[in-house]
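Engineer: Please read through the structure below; I'll follow up with questions.
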Amino acid sequence: MSETYVHGYHQRENERLEDQAGTLVELLHSDTSYPGGSAVLEVGCGIGAQTVTLAQRSPSARFASIDISAASLAEARRRIDQAGLTNVEFRQADIFDLPFAAESFDHVFVCFVLEHLFRPVEALVILKGLLKRGGTITVIEGDHGSTYFHPDSSAAHAAIDCLVKVQAAAGGNALIGRQVYPLMVEAGFEAVRVSPRMVYVDSSRPDLVEGFTRKTFTAMIEGVREAAIAAGLTDPMAFDSGIRDLYRTAEADGVFCYTFFKGVGEKK
């Protein structure tokens, strides 16, 4: 994946990914499992935040998990070893130059990857070629345009828009969730079905207040502060005001909503 990973490869981002994965396990993966003996390709595994869940939920399937970052793969291996899992093999590889033979996988899993690619359809076509006939692909992406909250704040929306623009400049698309269906269809998958997965947060759900509103979403927006200021998209005072207002939605009377989109398609 030669495009830029806009969130960076640093410890705080690793912690954010771990918080995100832990908070969203049931929402995103309650219906993700693979039959025993299946060969599954996980694309863009990063630090293994999703890998552990996948491997635990399908202990008799065999996973090949790839990422372009050697540092991320090292952390992913550590997590898998720590969890005592033995059904995952890691390889460093680029999604546009994969070291696998055609039709060598029963299933493909792609989560939070297409948003970082300038050529998402081309990537999906490549992955389709690695699937056996009758195999399936699962694609999960978020959409920052689906964000709304109380108290509402134009400064907070402007800070979110900064991330959207920074990611677009890096070749990605932070609004890609709404395109999961047409992208999968354009790539040639059949029987495509997409389900929205809304994260709804209020103070009766303290795990989500902390794990999602604060540590996942707001931390992600906060992470592009310097890049957004350097690009002239905002100034320090305006951006920091938006971040304060996002944290404000995590208080006792606050509400936060965000939608992910999970698509499943088949190769006939």
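The values are calculated or read from the model by the stated rules, or taken from the named source; none is laboratory data. Computed from a prediction, not measured in an experiment: that's the story for all the values here. Virtual Cβ from ideal backbone geometry, glycine too; neighbours counted across all protein chains shown. Each accessible area value is taken on the protein alone, full model and side chains, heavy atoms only, with ligands, DNA and RNA left out. Shrake-Rupley method; radii C 1.70, N 1.55, O 1.52, S 1.80 Å.
Engineer: Which residues' amide hydrogens lie under 5 Å from the amide hydrogen of residue 103, considering only partners 5 or more residues apart or on another chain, with H built in the peptide plane?
Structural biologist: Hits under the 5 Å cutoff: 130, 131.
Engineer: Separate question: With an 8 Å cut-off on Cα pairs and a minimum separation of 6 or more residues, tell me the relative contact order of the stretch 90-165 in percent.
Structural biologist: Once divided by the residue count of the stretch 90-165, the mean separation gives 35 percent.
Engineer: Relative contact order of the chain, please, whole-number percent, based on alpha carbon pairs below 8 angstrom and at least 6 residues apart.
Structural biologist: In percent, rounded to a whole number, it is 23.
Engineer: Right, here's the next one. Karplus couplings for the stretch 211-220 from phi (6.51 cos²θ - 1.76 cosθ + 1.60, θ = phi - 60°), rounded to Hz, Gly and Pro as x?
Structural biologist: Whole-Hz 3J(HN,Hα) from phi for the stretch 211-220: x, 9, 4, 7, 8, 9, 6, 5, 4, 5.
Engineer: From the mean inverse distance of alpha carbon pairs (Kirkwood) and the Cα radius of gyration, derive Rg over Rh for the chain.
Structural biologist: When Rh is taken as the Kirkwood radius, the ratio is 0.96.
Engineer: Shifting gears a bit: Output ³J(HN,Hα) for the stretch 173-185: one whole-Hz value per residue in order, computed from phi by the Karplus curve 6.51 cos²θ - 1.76 cosθ + 1.60 with θ = phi - 60°, and x for Gly and Pro.
Structural biologist: 8, 6, 10, 6, x, 5, 9, 4, 4, x, 5, 5, 5
Engineer: With every protein chain left in place, what is the accessible area of residue 215 in Å² (1.4 Å probe, nearest 10)?
Structural biologist: Counting only protein heavy atoms, the figure is 90 Å².
Engineer: Across the chain, how many lysine pairs, 8 or more apart or on two chains, come within less than 18 Å at their alpha-carbon atoms?
Structural biologist: Lysine pairs meeting the criterion: 5.
Engineer: What list of ³J(HN,Hα) couplings, whole Hz, do you get for the stretch 197-205 from phi and the Karplus terms 6.51, -1.76, 1.60, once you set θ to phi - 60° and write x for glycine and proline?
Structural biologist: 10, 7, 8, 10, 10, 9, 5, 7, 10
Engineer: Please compute the modelled spin-label separation between residue 71 and residue 57, points set 7 Å along Cα→Cβ, answer in nm with one decimal.
Structural biologist: With each label point 7 Å from Cα toward Cβ, the separation is 2.9 nm.
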